[in-house]
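See structure below.
The values are calculated or read from the model by the stated rules, or taken from the named source; none is laboratory data. If you're wondering where the values come from, they're calculated on a predicted model, not measured in any experiment. Here the Cβ positions follow ideal geometry from the backbone for every residue, glycine too, while neighbour counts run over all protein chains shown. Note: accessible area is taken over every heavy atom of the protein model, side chains too, but ligands, DNA and RNA are not part of it. Shrake-Rupley method; radii C 1.70, N 1.55, O 1.52, S 1.80 Å.
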Amino acid sequence: YEALKQKSIENYDRSIEALLKCVDIDNSVPVLYFELGKTYMKLKNFGAAEDALKKAVSKDPDNEWFLDELYGYYIVQNDYDKA
């Protein structure tokens, strides 16, 4: 919850720190990577955002939210082939 709280007040660095702690505890939860990807996008850290979103999709390939966010990432990057 701390990660989401920090994200909501636009303290993205602290949000990422909290999410990474959660990943250290249990790296099998795909929503952690999804939230990391969205938060990295807010910081314009596009490489880390793509990695996190791809990991979320690989852990839950049928989740439309994850796929939509990755699609949006590729659109922002003007990478229409991957989108």
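General observations
- Selection count, segment 49-75, where residues are within 16 Å of L32 (Cβ to Cβ) and either aliphatic (A, V, I, L, M) or in contact (Cβ under 8 Å) with a residue 40 or more places away in the chain (or both): 6
- Test result for S28, open to solvent by 50 Å² or more (accessible area, probe 1.4 Å) and part of a helix (DSSP H, G or I): no
- Within segment 55-76, considering residues that are among the charged types (D, E, K, R) and in a helix (DSSP H, G or I), the one surrounded by the most Cβ atoms within 10 Å (Cβ to Cβ): E69
- Residue check for D81: part of a helix (DSSP H, G or I), surrounded by fewer than 19 Cβ atoms within 10 Å (Cβ to Cβ) and acidic (D, E): no
- K38, sole failed condition from (1) under 12 Å from the mean Cα position of the chain (by Cα); (2) basic (K, R); (3) open to solvent by 90 Å² or more (accessible area, probe 1.4 Å): (3)
The rows are residues; the columns are (1) surrounded by fewer than 12 Cβ atoms within 10 Å (Cβ to Cβ); (2) in contact with a helix residue (DSSP H, G or I) (Cβ under 7 Å, 6 or more places away or on another chain).
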{"residue": "Y1", "(1), (2)": "yes, no"}
{"residue": "N11", "(1), (2)": "no, no"}
{"residue": "K21", "(1), (2)": "no, no"}
{"residue": "F46", "(1), (2)": "no, no"}
{"residue": "L53", "(1), (2)": "no, yes"}
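- Whether a residue is part of a helix (DSSP H, G or I), in contact with a Leu (Cβ under 6 Å, 6 or more places away or on another chain) and among the hydrophobic types (A, V, I, L, M, F, W, C) was assessed, and L4 does not pass this test.
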